[in-house]
Amino acid sequence: MDITVQELKTKLDSSEKFIFIDVREAYEHQEFNIGGDLISLGHVMDSIEGLEEYKNDEIVVYCRSGQRSGMAQSLLEAAGFSNVRNLTGGVLAWKEVYGG
């Protein structure tokens, strides 16, 4: 299931509890990020064990455009994570709506 930038902003503004992961590269995260923890797409599989305790929690993944985070979403779902949401349009959509 996907999440829009507006839905995400509402969650962030209300301090809702969820796992928030940026799957871009470190340099992209340093240039601009919206608060997610950095786990680059290439490291998602290596990080699954560390995320096991969150298998049933809501996880929101994002990248630049939604492509890499869509792949991360598929990897996590294949590993048994039940509530992974991909940010539609990624950081580009966020910047379009909220600037950056």
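Laboratory data are not the source of any read-out in this text; all were calculated from the coordinates shown. The structure presented is a predicted model; accordingly, all values stated were derived computationally and were not measured. Here the Cβ positions follow ideal geometry from the backbone for every residue, glycine too, while neighbour counts run over all protein chains shown.
Is it the case that some residue within the range 90-97 is in contact (Cβ under 8 Å) with a residue 40 or more places away in the chain, among the basic types (Lys, Arg) and surrounded by 19 or more Cβ atoms within 10 Å (Cβ to Cβ)? Taking every residue of the range 90-97 in turn, none turns out to be in contact (Cβ under 8 Å) with a residue 40 or more places away in the chain, among the basic types (Lys, Arg) and surrounded by 19 or more Cβ atoms within 10 Å (Cβ to Cβ).
Any chance the range 30-46 includes a residue that's among the β-branched types (Val, Ile, Thr), under 14 Å from ILE3 (Cα atoms) and surrounded by 13 or more Cβ atoms within 10 Å (Cβ to Cβ)? No: zero hits. Among the conditions (1) surrounded by 16 or more Cβ atoms within 10 Å (Cβ to Cβ); (2) in contact with a strand residue (DSSP E or B) (Cβ under 8 Å, 6 or more places away or on another chain), the only one that GLU25 does not satisfy is (2).
Okay, residues lined up against (1) over 13 Å from the mean Cα position of the chain (by Cα); (2) charged (D, E, K, R):
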position: ASP2; (1), (2): no, yes
position: LEU8; (1), (2): no, no
position: GLY36; (1), (2): no, no
position: SER40; (1), (2): no, no
position: ASN56; (1), (2): yes, no
position: SER74; (1), (2): no, no
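Number of residues in the range 50-65 that are within 19 Å of LYS9 (Cβ to Cβ) and without any contact (Cβ under 8 Å) to a residue 40 or more places away in the chain equals 1.
Does the range 71-84 contain any residue that is among the β-branched types (Val, Ile, Thr) and touching a strand residue (DSSP E or B) at 6+ places or on another chain (Cβ under 8 Å)? Yes, because at least one residue in the range 71-84 is among the β-branched types (Val, Ile, Thr) and touching a strand residue (DSSP E or B) at 6+ places or on another chain (Cβ under 8 Å).
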